[in-house]
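Computed from the coordinates by the stated procedures, all read-outs in this text should not be read as laboratory data. Note that the coordinates shown come from a computational prediction; the quantities given were computed from them, not determined experimentally. Note that we place each Cβ from the backbone using ideal geometry, even for glycine, and neighbour counts take in every protein chain shown.
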Amino acid sequence: MHQFDLKNKTAIITGGAQGFGLDIAKKFLLFGAKVFIWDIDKNELLKASTEINNPKLNYNIVDVSNFNEVKNTVNEITLKNKIDILINNAGITGPTAELWNYNIDDWKSILDINLHGTFYCCKTIVPHMIKNNYGRIVNIASVSGKDGNANASAYSSAKAGVIGLTKSLGKELSIHNISVNAVTPAGAKTRILDQMTKEHVQRMLSKVPRGRFLEINELSSMVCWLSSEENSFSTAAVFDISGGRSTY
């Protein structure tokens with residue numbers, strides 16, 4: 001495994017108590033970073049904290065769709081810490097249904113968490129990065145934001161929005177030593193699959209030329225490079241990790 005130097009760096013990982021977020025947190029800690037994992041699920045946060053058992057791991061109960069919660073938590077963290085790295089990973093897929101049958105409250109909830117949550121975190125944390133003239137932001141989008149998934153119009157729309165946000169913000173921050181990039185993973189065996197029907201999951205898998213799901217560690221390894229000082233030039237970019245599924 002390639003080693004990245006994240007010593008003296010502080011990272012916030014949203015949705016960090018499980019799945020992609022938890023694996024990213026473990027690697028960041030291994031490479032020397034101080035890590036704050038955010039999640040709305042207190043039990044999962046406690047479980048992750050106990051499992052990792054590292055004094056450099058901290059956790060906060062945060063609903064990223066609530067701007068005041070995000071702002072207040074960032075204000076609390078920055079009293080004693082710089083924020084060098086932000087991983088916007090929190091997300092839900094929501095139910096699978098045709099667009100014309102999609103429940104409006106479900107649609108709004110998916111957009112609130114996946115897209116608005118990413119916006120709130122960036123809006124609140126970026127000024128601190130500008131002040132320090134350093135930052136690495138990685139937004140976990142999805143291949144569905146590029147290709148679109150039938151019966152997942154809300155999730156696909158939200159992740160397409162994350163890609164657009166990434167490109168805009170990366171350009172806005174290009175004069176600073178701050179990079180903003182997105183990754184677009186295909187499906188992986190995380191709890192997010194539990195929100196989908198078996199038919200929808202199988203349809204997703206059938207589109208991947210590699211013929212398998214993404215391994216969590218494959219995604220976290222890509223995120224580690226994007227979050228490191230080695231990534232000193234790439235910004236406003238989308239890094240595909242879809243096993244050959246993406247058409248662009």
Check your understanding: At what distance in nm do the modelled label points of S109 and R212 sit from each other, each positioned 7 Å from its Cα along Cα→Cβ?
Key -> 3.4 nm
Practice item. Starting with the fewest neighbours, write out H176, H116 ranked by other beta-carbon atoms found within 10 Å of each beta-carbon. Key: H176, H116
Review point. Principal axis lengths of the stretch 119-172 from Cα atoms, whole Å, largest first?
Key: 43, 17, 14
Check your understanding: Over the stretch 82-135, how many percent of alpha carbon pairs lie in each 10 Å bin up to the one with the longest distance?
Key -> 23, 36, 22, 14, 4
Revision key, fill the gap. Taking a ≥ b ≥ c as the square roots of the eigenvalues of the Cα gyration tensor, with a/c under 1.5 meaning rounded and otherwise prolate when a/b exceeds b/c and oblate if not, the stretch 98-248 is oblate
Exercise for review: With r as the distance between the Cβ atoms of K47 and N75 and R0 = 41 Å, compute the FRET efficiency 1/(1 + (r/R0)^6) and round to 0.05.
Suggested key: 0.95
Study note, to complete from the structure: Simple spin-label estimate for I61/W100, 7 Å along Cα→Cβ, in nm, reads 4.3 nm
Practice item. List, in order, the whole-Hz ³J(HN,Hα) value for each residue of the stretch 55-65 obtained from phi through the Karplus relation with A = 6.51, B = -1.76, C = 1.60 and θ = phi - 60°; use x for Gly and Pro. Key: x, 8, 9, 10, 9, 9, 7, 9, 9, 5, 7
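So if we plug the beta-carbon distance of S232 and E172 into 1/(1 + (r/R0)^6) with R0 = 25 Å, what FRET efficiency do we get, rounded to 0.05?
Working: r = 18 Å, r/R0 = 0.71.
Computed FRET efficiency for S232 and E172: 0.90.
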Revision key, fill the gap. Kirkwood Rh over alpha-carbon pairs of the stretch 1-136 plugged into Stokes-Einstein at 10 °C, 1.306 mPa s gives a D in µm²/s of 102 µm²/s
Revision key, fill the gap. Expected max-MSF residue from E98, E51, E172 in the GNM of the chain (alpha carbon, under 10 Å) is E51
Practice item. Calculate for the chain the 222 nm mean residue ellipticity that helices alone would give, adding -39,500 (n - 2.57) per DSSP H run of length 4 or more and normalising by residue count, nearest 500 deg cm²/dmol. Key: -12500 deg cm²/dmol
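Just flag the trypsin sites (Lys or Arg not before Pro) in the stretch 1-94 sitting in loop per DSSP whose Cβ has no more than 11 other Cβ atoms within 10 Å.
Numbers: sites: K7, K9, K26, K27, K34, K42, K47, K56, K71, K80, K82; in loops: K7, K9, K56, K80, K82.
Taking the stretch 1-94 and a limit of 11 other Cβ atoms within 10 Å, the loop trypsin sites (Lys or Arg not before Pro) found are K7, K80.
May I ask you to sort I13, I216 by Cβ crowding, counting other Cβ atoms within 10 Å and putting the fewest first?
Details: I13 30, I216 18.
Starting with the residue having the fewest Cβ neighbours, the order is I216, I13.
What list do you get for R212, R203, R245, R136 if you sort them by fewest beta carbons within 10 Å? All intermediate terms of the calculation are to be shown ahead of the outcome.
On the way: R212 13, R203 17, R245 23, R136 26.
Ascending Cβ contact count within 10 Å gives the list R212, R203, R245, R136.
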Check your understanding: How high is the relative contact order of the chain, in percent, with contacts defined as C-alpha pairs under 8 Å that are six or more residues apart?
Key -> 20 percent
Practice item. Considering only P95, P127, P185, give the residue with the highest GNM mean-square fluctuation for the chain, with springs between Cα atoms whenever their separation is below 10 Å. Key: P127
